[in-house]
Amino acid sequence: MCQGNDGKEWQQNTLRRELLRQASGLAVTARKLEENQDYPNKSPQSLARLVRVTAELLAKTLEDTPDGRLKHVATLLCCDEFLRIVEHSRVSLTPWSMIQATEVFLRKYVGDDAYFIISPEWNYNYGVRTGVFAAFEKALSGLEWFPLDEWRKEVGWGEKLFCISFPRIEKLNVLLHANLGHELGHIITQRKVEVSFEKMWLEKEAEIKERLKNLIRGDASFEAMGDLLKETVAEIKASDDTEKVRQVALQALIETTADKVGVRVFGPAALASMAEICTRWHVDINPIGNGNYPPWRYRLRILAQECSRDLDAISQNEQRIHADIVPFLEWLLKIREFTSSATDMKEIQSNPISAEAYKLVNQALDDMNELVTSSIPDEKKTFSLVENQEEISELIGRLEDQVPPNESGIWPDIKPASLETILNACWAYKLKEISQDKSWCEKNIERLFRLCLKAIESSYVSTTFGPKLIEAYLQD
Amino acid sequence: MVELLESAHIFEASTKLQFAATCLSKIAGGEKPTQQTRDILTWTGTLLMRVDWRRDEWASAAYINPVMATQATAVRPVFFETFFKWFKEAKREVPDIGDFLKLFYSFLRSGGVESKLTSEQLDLAAQFLQAFSENLLSRISTNGIPKPNPVPVFA
């Protein structure tokens, strides 16, 4: 019955021949990239191996593939996009001086067995792909003829491989790379958010569907239909709407949880980098028209709340604040004022689907806060500018002398600056300079980027090798 | 961000439904179900009963794991879209669609063992599963056309 005579046999014979050629070509290309040595670490080769092994085994088992499943194999062979990530991760295309330091920083949260591919994309955005191996495994597990155990054995490790991307034209803009904290958030919380949401969805789906269906039944145009048509339309529309509610709510929880992780680890630098990047976009757009992402103003509000210790310190004038960081804090206060408008929430409430979704999001917020805290146990509090103001001020002094802000103190009593401290110092320095000269960026910003990148690299080197050098110096 | 694993879930559903469609055709032709066939039909029955929320059994979530619940929500719009199109053709063969679905789902849940459906009805059901599978697959493949522009936000 599934095999008609309407040309299917011709289509399947042609497809089978084409798939064999495509899979073999994909495997050859993947192998070439796998053998390339021009990568900052071994992760890109691992991803190339995943594609190669998948393509090779799909080709090898093509004879056993039932006719009706050839299109599924064709869909899987469209995984060549992953080779683009491999190709873009060559040393010459990445801000290589911060790659090792960033990897060490990320491993602190993700685990020593985690590997990263940090590569540029020709899109003005940051991104991360998690669960690449798991997604392949899940998809391949549906092919009952496919040798999954052999695939697992040949592909090797990979459970903890993460592909992080940044905007190609911002390669040098290390201050903006504080957005990588958000991507770290995806890595360490996304699966937990999904699991937590799946349980919640199981409980709430029926009532949400019922409310949406009632809305559809109450629609004036619906009343004009015949009874049979009414129920048909209600079923289709309610299914669609409920699925949209699920997508919008899940995306909101995934993004805001990742935002919270980002701001916990990078503090005000995370708020600043998100605020700066989103000024170019519509900040109140409804999630439904925006790939299900929460409005920017909504996200900035959450980040500003997380930075409230620093922001309250300056707004309530209760504490001595170093003059070097005041312009940065005042700029951040303006972001908080910007988020006091509820125009984003009005936009969300204007659509029953997003309104339903954010009802769910609000119910899940406490759970998500706990989830963030349990995911980064050493960072219960957000990195604070005010608490670290002495060190940050010293680093700003170095920047003013055009010296990389990689350490504080005087040799040999030095303390290498952490990645988060360097980024916050650079942001504070930038805003201090801009407060004195609005056109400062035009001539000086690239120098700041280079000093910052150098500082990150030097700090990594002195953290890793410094203790041995000091030991040798003291012995002499 | 969500897309990769979600696509994998939809892919898995599509490929298993296609397999189930082939199994139904074989059973309609007189073949006895193997253990592999029984497993895939049971899985299909569980998924469909969760997907089709017009069924009374839908309310009973005891045998549903949360992963399948979200998988069911993701495929549901395609299910109804496929169902109503298929129903136009099928209503000549199965005048009482409610009874037919009840028998069909219970047949699937039994792993293809307890059948009160005729071989013609099994063929009809196979056609439905195949169409459902193909429609799901088209949701995650580009179908040969250029991808839409990416949403300009960072993931």
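The values are calculated or read from the model by the stated rules, or taken from the named source; none is laboratory data. From a predicted model like this one, the values you see are computed outputs, not experimental measurements. Here the Cβ positions follow ideal geometry from the backbone for every residue, glycine too, while neighbour counts run over all protein chains shown.
Each row is one residue, and each column tells you yes or no for (1) free of Cβ contacts under 8 Å to residues at least 60 places away in the same chain; (2) touching a strand residue (DSSP E or B) at 6+ places or on another chain (Cβ under 8 Å); (3) surrounded by 20 or more Cβ atoms within 10 Å (Cβ to Cβ); (4) farther than 30 Å from A:ARG450 by Cβ.
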| position | (1), (2), (3), (4) |
| --- | --- |
| A:ASP6 | yes, no, no, yes |
| A:THR14 | yes, no, no, yes |
| A:PRO66 | no, no, no, yes |
| A:VAL110 | no, yes, no, no |
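Evaluated against (1) touching a residue at least 40 places away in the same chain (Cβ under 8 Å); (2) surrounded by 15 or more Cβ atoms within 10 Å (Cβ to Cβ), A:VAL51 falls short on exactly one condition, (1).
For A:SER239, the criteria (1) in contact with a Ser or Thr (Cβ under 9 Å, 6 or more places away or on another chain); (2) modelled with pLDDT of 90 or more hold in every case but one, which is (2). With a requirement of 2 or more residues that are at pLDDT below 90, the strands (runs of 3 or more DSSP E) lying completely within the stretch A:80-191 that satisfy it span A:115-121. Of all residues assigned to the stretch A:54-61, at least one qualifies as being surrounded by fewer than 18 Cβ atoms within 10 Å (Cβ to Cβ) and more than 14 Å from chain B (Cβ to nearest Cβ). Residue count for the stretch A:171-197, restricted to those that are crowded, with 19+ Cβ neighbours inside 10 Å and either charged (D, E, K, R) or without any contact (Cβ under 8 Å) to a residue 60 or more places away in the chain (or both): 2.
Of all residues in the stretch B:98-121, those that are closer than 22 Å to B:GLN35 by Cα have Cβ atoms under 6 Å from Cβ atoms of residues that are loosely packed, with under 15 Cβ neighbours inside 10 Å, 6 or more apart or on another chain, in B:LEU103/B:LYS116.
Within the stretch B:49-106, take every residue that is polar (S, T, N, Q) and more than 17 Å from B:PHE128 (Cα to Cα) and give me the one that is modelled with the lowest pLDDT. Checking each candidate, the answer is B:SER60.
One line per residue, one yes/no per condition, for (1) surrounded by fewer than 19 Cβ atoms within 10 Å (Cβ to Cβ); (2) of a type in the set (Gly, Ala, Ser); (3) closer than 18 Å to A:GLU170 by Cβ; (4) within 11 Å of chain B (Cβ to nearest Cβ):
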residue	(1), (2), (3), (4)
A:THR75	no, no, no, yes
A:ILE85	no, no, yes, no
A:VAL104	yes, no, no, no
A:TYR124	yes, no, yes, yes
